[in-house]
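Let me begin by presenting the structure, written as structure tokens, before commenting on it.
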Amino acid sequence: MTTTVQHLVGGEWTGDPVRERHNPARPGEVAVRAPAGDKSTVDAALSAAEHARRAWAATPAPARGAILLDAADLLRSRHETVAADLVREEGKTLAEARGEVRRAIDVLRYFGSHGWQRTGGVFPSGTPGTSVFTRPEPLGVVGLITPWNFPIAIPAWKLAPALVSGNTVVLKPAELTPASATHLAAALVESGLPAGVLNVVHGKGSVLGAALAADERVRAVSFTGSTEVGLRLHRTLSARRARVQLEMGGKNAYLVLDDADPAVAARTVAAGAFGLTGQACTATSRVYCTPGIRDEFVAALVKEAERFSPGDGLEDDAVMGPVVSSDQLSADLAAIGRAREQGATIATGGTADGPFLPATVLTDVDHEHDVARHEVFGPVVAVIPADGYDEGLALVNDSSYGLTAGLCTRDLALAHHFAEHAEAGVVKVNRPTTGLDLNVPFGGVKDSSSNTFREQGPAAADFYTWSKTIYLGHDRG
Ligand code: NAD
């Protein structure tokens, strides 16, 4: 089954679907046909967004929110179709895709109700007869650039706060996954979103994303993707003083201490490392282990890994989907090969069968090896020795990244110490590094993030608004 998508520009669906995206689990099957936009597509989308800007900003926030709530209902009625398309273009399992579509629906509901809640502040004034208050103002036209690994949830958690706050949007979804974001856009348009308020352009990131970032009409860009691309965008946007939010790569660490239950630790690490085929920015990819638990933990982790049998996400028995693309698979295999050259042992997995890479556990890894330092965006986890808690914490923190970090222990004092001292935007004790509620701030530190504005929850709207301070004098004469 093939889905055809188009650009959304000024309320019109346009563009010849000349590009094909194949189903990663069935390489011969065309999953999506999409257009390949160029700079002129971005220019038209920006003109439409600029044209729609004032009227949308003047629309009451509850009315903007009502459209999001209707879109949530519409998406709910299409849940199965959208989830199946997501599997066909991205590869995750149907259960994972259903969960992701559900997340997008819930995000629309959450920010839809936000239309009634967003407030400024009221301040005492030192001048008699004077009221002072603030109003959150929209930024104007914003650009959203999103990756393939959460092809509907990430567009939703950027779009929803942007729209309810009164901004108009040009969204550039990842080339590999044009359909999921288009389903989201269609639900919003069919729920009454005025023409030009949301525009979606498909095509190469290096052309469309770069054109968005460079255009003076774009007042802010929220980007999720690789650190390399993010840092390049940061230079362009900062040079013209546009607001920028970057959520980027990770090398997320877990520390397993002697007092942990090895089976529970293995289950927690495996869920974080191999769920979503390890293709999550928050995936666990290095595990530091103290000597007393190491052997039992590794044996339990290998057993857990072997439960994640890869397969076609649309088939019932697949616990883990394929790797998203042949380029990504080559990069994963190259990282495993390099780890072996540097002395690692493959405890399980390590070789691919077509697009399917089994959950892979590497042992005998040193903290200085490449596989412990660089992101591998796949189902690969490295187990590395640590003498004890203090050395483990130091090794967790010795990374250029800082997205998530985890600790398995029953020691409450160490749990608190870790929560305080782990250098990561999200710290999880006795829980997988992946998975966050939609109402909590999400983002990283160091090279994982611009570390300016957080995504999700009430904090998300801060990025899409600025605060105006108003003085009202009321002398009676
Ligand atoms: P990517 O950086 O290749 O692409 C992300 C987006 O940027 C895509 O839409 C792409 O088309 C666009 N793009 C590519 N080149 C561009 C350029 N020169 N200018 C502007 N835009 C450009 O990343 P990806 O491969 O889609 O996603 C995987 C990466 O995303 C991993 O590193 C992962 O850790 C990261 N990620 C981070 C988070 C987070 O919240 N921190 C979440 C998901 C994924």
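The values are calculated or read from the model by the stated rules, or taken from the named source; none is laboratory data. Keep in mind the model is a prediction, meaning the values are calculated, not measured. Methodologically, a virtual Cβ is constructed for each residue, glycine included, from the backbone with ideal geometry; neighbour enumeration extends over all protein chains shown.
With respect to D462, is the statement that it is surrounded by 13 or more Cβ atoms within 10 Å (Cβ to Cβ) and within 19 Å of V122 (Cα to Cα) true? Give the derivation first.
Working: surrounded by 13 or more Cβ atoms within 10 Å (Cβ to Cβ): yes; within 19 Å of V122 (Cα to Cα): yes.
Yes, satisfied.
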When the residues of the range 120-143 are narrowed to those that are under 36 Å from the mean Cα position of the chain (by Cα) and either among the β-branched types (V, I, T) or within 16 Å of the ligand (Cβ to nearest atom) (or both), which ends up surrounded by the most Cβ atoms within 10 Å (Cβ to Cβ)? G143
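Can you spot a residue in the range 162-185 that is basic (K, R) and within 16 Å of the ligand (Cβ to nearest atom)? Spell out the reasoning first.
Looking only at the range 162-185, we keep the residues that are basic (K, R), and these are 172.
Then drop every residue that is not within 16 Å of the ligand (Cβ to nearest atom), which leaves 172.
Yes, because at least one residue in the range 162-185 is basic (K, R) and within 16 Å of the ligand (Cβ to nearest atom).
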Of residues in the range 197-240 being farther than 20 Å from F453 by Cα and among the small types (G, A, S), the one surrounded by the fewest Cβ atoms within 10 Å (Cβ to Cβ): S206
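Look at A57 and say whether it is surrounded by fewer than 19 Cβ atoms within 10 Å (Cβ to Cβ), in contact (Cβ under 8 Å) with a residue 60 or more places away in the chain and part of a helix (DSSP H, G or I).
Details: surrounded by fewer than 19 Cβ atoms within 10 Å (Cβ to Cβ): yes; in contact (Cβ under 8 Å) with a residue 60 or more places away in the chain: yes; part of a helix (DSSP H, G or I): yes.
So A57 fits the description; yes.
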Residue among A424, A382, A405 that alone is of a type in the set (A, V, I, L, M), modelled with pLDDT of 95 or more and more than 16 Å from the ligand (Cβ to nearest atom): A382
Residue that is farthest from the ligand (Cβ to nearest atom) [pool: residues in the range 427-454 that are surrounded by 21 or more Cβ atoms within 10 Å (Cβ to Cβ) and not in a loop (DSSP other than H, G, I, E, B)]: K428
Scanning the range 455-477 residue by residue, those small (G, A, S) and part of a loop (DSSP other than H, G, I, E, B) turn out to be G477
Heads up, the strands (runs of 3 or more DSSP E) in the range 121-232 (entirely inside) with at least 1 residues that are assigned by TED's automatic domain parsing to the domain that holds A83 and among the small types (G, A, S) are 130-138, 141-145, 218-224
Checking T146 against (1) within 16 Å of the ligand (Cβ to nearest atom); (2) over 14 Å from the mean Cα position of the chain (by Cα): exactly one of these is not met. Which one? (2)
Failed condition for P27, given (1) buried (at least 22 other Cβ atoms within 10 Å of the Cβ); (2) part of a loop (DSSP other than H, G, I, E, B), with all others met? (1)
Does any residue in the range 171-189 that is in contact (Cβ under 8 Å) with a residue 40 or more places away in the chain come within less than 6 Å, Cβ to Cβ, of a residue that is more than 10 Å from the ligand (Cβ to nearest atom) and among the acidic types (D, E) six or more places away or on a different chain, and which pairs are these? T177/E89; T177/E90; A179/D85; A179/E89
Suppose the filter is among the charged types (D, E, K, R), assigned to a helix (DSSP H, G or I), more than 30 Å from L436 (Cβ to Cβ) and in the same structural domain as G143 (by TED's automatic domain parsing); does R103 pass it? no
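Return the residues of the range 106-120 that are in a helix (DSSP H, G or I) and either polar (S, T, N, Q) or on the phi > 0 side of the Ramachandran plot (or both); say none if nothing qualifies. Quick ask: steps written out before the conclusion?
Within the range 106-120, the subset in a helix (DSSP H, G or I) is 106-114.
Answer for the range 106-120, where residues must be in a helix (DSSP H, G or I) and either polar (S, T, N, Q) or on the phi > 0 side of the Ramachandran plot (or both): just S113.
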